[in-house]
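Structure first, then comments.
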2 protein chains.
Amino acid sequence: MRDEQLLALLTERPGEYISGEEISRRMAVSRTAIWKGINRLKEQGYEFESVTRKGYRLTRYPDRFDEVSLRMRMNEVTSWGQPLHLFPSVGSTQDIARALAEEGAPEGTLVIAEEQTSGRGRQGRRWHSPPGRGIWMSLIMRPVQPLQYTPQLTLLAAVAVCRALRSVSNLDIGIKWPNDLLIDGRKVCGILVESAAEDGYVRHAIAGIGIDVNLAAEDLPEELQTIATSLRMESGGEPLDRTLVAAAVVQELEAMYQLYSEQGFAAIAALWEALAFSIGQHLTVHTPQGVIHGTATGLGNNGELLLQQEDGRILPVYSGEIHL
Amino acid sequence: MRDEQLLALLTERPGEYISGEEISRRMAVSRTAIWKGINRLKEQGYEFESVTRKGYRLTRYPDRFDEVSLRMRMNEVTSWGQPLHLFPSVGSTQDIARALAEEGAPEGTLVIAEEQTSGRGRQGRRWHSPPGRGIWMSLIMRPVQPLQYTPQLTLLAAVAVCRALRSVSNLDIGIKWPNDLLIDGRKVCGILVESAAEDGYVRHAIAGIGIDVNLAAEDLPEELQTIATSLRMESGGEPLDRTLVAAAVVQELEAMYQLYSEQGFAAIAALWEALAFSIGQHLTVHTPQGVIHGTATGLGNNGELLLQQEDGRILPVYSGEIHL
């Protein structure tokens, strides 16, 4: 009996029990073999509830990525995610990815860490990245395009990660401009695209993605309690397999990048607008140039947010923070 | 007698002798005092020819910057150039400036080195930076503007440095798109603007500037003999004061940046076009997307070169190498 098959069965219906009888029938193995398989999975860090007559229910995924499984899963769904650099603990995956990019690491190179001790968010803010509960990763892209299109990659990353998380969780996740992902107003994922350019030429762009996957309320520091959440908290406490989530995210990033290369930014902008909360709403935006108010009407050609003023004028906003 | 005054007199008419009698009269000092002053300057690395009845002629500037004079001169002409970091020898001033910028160094921060052991040019090429003969420097800018305008800074830097070098040398120096400076087809200065961005927001842009000031033909490696030159070689062998040149360049950079902030890119583009060799010429451009041919008609709104095709279409070129 392959443990991967057993695990696939046990994760088929998250939160539900699966009976020993069903496993035995579908895998054509003895109850003793199942029991041994369950024990091997427990040694890897999985936890199960077992209840007489109901069967087994997966209650916890290992708090460490299994590097072999992660590589295998990535390879199954995407040509990105390799080379893959997995670390137990780092300062910031962005800094490691940038150093790799400067040394010539190819497009698709992925850095994942179990923990970041100085994870970075947008505009110099810290990103809380406790061990084993989230996905803290950075992906290197090398778009061959003029520098001025680079901000479009920020929107592209938001669309890709949002699509991936919606598909693995069935939660109603939306985008807050430019690239925060929210569930019911609470942040479940932050994205930061950092780029380096030489004259008009992009050297590399690195998408830093922080996803609160299995964090419990008690994993969140006081100041994040009311503004952050996790996929697990929003799924009634059921944990998700971080390996599957990470692979799904990289898969969607590659797919959206492909779409972007073939059909241009308009295709991405349409997907973004469909997933965004802020379109049609009256917003206050804090920009480096000052505070702007207006009604969001959509995206401009370069990914800027278009804000309609009271006098009807449309103002483009290139960077800033939205206050709804 | 202040040595600075003596030096000012001796550099007033480059290449010409100035008589002891004239110095004595204009500074109201004795011939002995002049002789002592000349000796003090020699100790600092200046060299003079002295010919009976003709007087003194400055033949060489010190091969080391005097840090105090450099700071004083900078302060006289520009509010940029501070903090100033002067190094005898570094790998690359760009790398040092980038590290300083990441740590929060302010706009105007300047890194100068007597020598670079791994100076970088555009597109990963090496930049020959021998000790004491050139100006190898990097300047930190922090433009508060959308990322897509960043390529304009490349053109701005070319205009500023070109204007400064023309004013200190009286040589006919022009710009080859986007930012090489040439005299009679030979390169006298290379400029590289590297930028780092977060989403749509520019963190910093660093102008790396390498100027062949006092290099002699024998300072150039074999492969550069026919394609590079120096201000000194083009001025009949007369050396220039690197301190004055460096200060003039930073002064013009600040002035052009100010003009850009107040009047926008159109003002810079007009100056650029007036100094550029390639406008009106039929060009071959090697771009990351492939080879393009056409007649250069000017600059577009973002600093891209506009190439008119045979069928009349105008093609924008964002980065690449021109072959005339």
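Values in this text are rule-based calculations from the coordinates and carry no lab data. Predicted, not measured: the structure shown is a model, and the values here were computed from it. Glycine also receives a Cβ, built like all others from the backbone with ideal geometry; neighbour counts cover every protein chain displayed.
Results, tabulated for the structure shown:
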| item | result |
| --- | --- |
| B:Met141, B:Met72, B:Met27 arranged by Cβ crowding within 10 Å, fewest neighbours leading | B:Met72, B:Met27, B:Met141 |
| 10 Å Cβ shell holding at most 13 others, DSSP loop, GluC sites (Glu not before Pro): longest site-free stretch of chain B | B:104-309 |
| Area projected by the alpha carbon convex hull of chain A, averaged over all directions, nm² | 17.8 nm² |
| Chain B residue with Cβ closest to the axis mapping B onto A, distance in whole Å | B:Gln148, 2 |
| Selection from B:Gly290, B:Leu86, B:Val51 lying farthest towards where the dipole of chain B points positive, charges on Cβ | B:Val51 |
| At 7 Å out from Cα toward Cβ: A:Ser261 inter-copy label distances (nm, ascending) | 4.1 |
| Dipole moment magnitude, nearest 20 debye, segment B:67-274 about Cα centre, only Lys, Arg, Asp, Glu C-beta charged | 140 debye |
| Computed FRET value (nearest 0.05) for B:Val68 with B:Ala267, which takes r as the C-beta separation and R₀ as 45 Å | 0.80 |
| Relative exposure of A:Ser69, A:Ser30, judged by other C-beta atoms within 10 Å (fewest first) | A:Ser30, A:Ser69 |
| Inter-copy label distances at B:Glu22 (7 Å, Cα→Cβ; nm, one decimal) | 10.3 |
| Using alpha-carbon coordinates, inclination of helix A:151-169 to the longest axis of chain A, degrees | 30 degrees |
| Modelled FRET efficiency - R0 56 Å, B:Thr295 with A:Arg26, Cβ distances, 0.05 increments | 0.20 |
| Most positive-pole-ward Cα, A:Gly236, A:Phe277, A:Leu253, against dipole of segment A:226-298 from beta carbon charges | A:Phe277 |
| On Cα atoms only, tilt of A:31-43 relative to the major axis of chain A in degrees | 40 degrees |
| Student exercise, segment B:86-209 dipole from Lys, Arg, Asp, Glu Cβ charges, in Debye to nearest 20 | 460 debye |
| Residue-averaged [θ]222 nm for chain B, counting only DSSP H segments that reach four residues, each worth -39500 (n - 2.57) | -10000 deg cm²/dmol |
| Kirkwood hydrodynamic radius over Cα pairs of the protein assembly as shown, then Stokes diffusion coefficient at 37 °C and 0.692 mPa s, in µm²/s | 116 µm²/s |
| Paramagnetic label zone (point 7 Å from Cα along Cα-to-C-beta, A:Ala274; backbone N under 12 Å) in segment A:162-179 | A:163 |
| Relative contact order [Cα under 8 Å, 6+ residues apart], chain A, whole percent | 14 percent |
| Relative contact order computed over segment B:1-140 (Cα-Cα under 8 Å; 6+ residues apart), in percent | 18 percent |
| Ranked B:Asp63, A:Asp66, criterion: other C-beta atoms within 10 Å, fewest first | B:Asp63, A:Asp66 |
| Under 30 Å from the Cα of A:Lys176 - lysines, other chains or at least 8 residues apart | A:Lys187 |
| Other-copy label distances relative to A:Glu43, 7 angstrom Cα-Cβ extension, nm | 8.1 |
| Longest to shortest principal axis, alpha-carbon extents of segment B:3-60, angstrom | 25, 20, 19 |
| Under 20 Å from the Cα of B:Lys42 - lysines, other chains or at least 8 residues apart | B:Lys54 |
| Value of relative contact order over segment B:3-60, rounded to a whole percent, pairs C-alpha under 8 Å and six or more apart | 41 percent |
